[in-house]
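Step one of this worksheet: look at the structure below.
We did not get these values from a lab; they are worked out from the coordinates using the rules stated. Fair warning: this is a prediction, and the values are worked out from it, not measured in the lab. Virtual Cβ from ideal backbone geometry, glycine too; neighbours counted across all protein chains shown.
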Amino acid sequence: QGMEVGGDGRKKIVRKPYVLNEMEYEASLPEKKSNTLSRDLIDYVRYMIQNHGENYKEMARDEKNYYQDTPKQIKRKINVYKNFYPEEYKDFIASLKQEKMDVQ
């Protein structure tokens with residue numbers, strides 16, 4: 001996959017980790033033709049919202065951030081989830097608010 005041109009070494013591609021993550025991230029996004037998100041992504045997004053609300057910086061620091069996502073990437077994933085399952089998202093947020101009220 002990487003371009004290796006010997007000799008002058010001009011064409012060596014350095015694989016930067018963040019570039020790789022971007023690529024993996026793009027790859028993990030759902031195909032346009034499919035109408036579902038992976039269960040992993042949904043669980044991940046819901047876990048983050050449940051524990052951190054809309055604090056994306058905290059989410060990025062969470063040990064469960066095994067994708068090593070940046071706050072921006074996490075926000076993008078949450079938006080993908082919102083767009084795919086607006087109803088489920090609304091219900092989920094509503095149930096979280098309900099739980100908070102029950103706790104007090």
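In region 31-99, which GluC sites (Glu not before Pro) fall in coil by DSSP and have 10 or fewer other Cβ atoms within 10 Å? All intermediate terms of the calculation are to be shown ahead of the outcome.
Numbers: sites: E31, E54, E58, E63, E87, E88, E99; in loops: E31, E54, E63.
Here the GluC sites (Glu not before Pro) that fit, given the DSSP loop and packing criteria, are E31, E54, E63.
Restricted to Cα positions, what overall size does region 39-103 have along the principal axes? Three whole-Å values, descending.
Rounded to whole Å, the extents work out to 32, 27, 18 Å.
Taking θ = phi - 60°, what integer Hz values does the Karplus form 6.51 cos²θ - 1.76 cosθ + 1.60 yield along region 46-53, in sequence order, with x for Gly and Pro?
After applying 6.51 cos²θ - 1.76 cosθ + 1.60, I find 5, 4, 4, 5, 4, 8, 10, x Hz.
Any idea how far apart D40 and K97 come out in nm if each label point goes 7 Å out from Cα toward Cβ?
3.3
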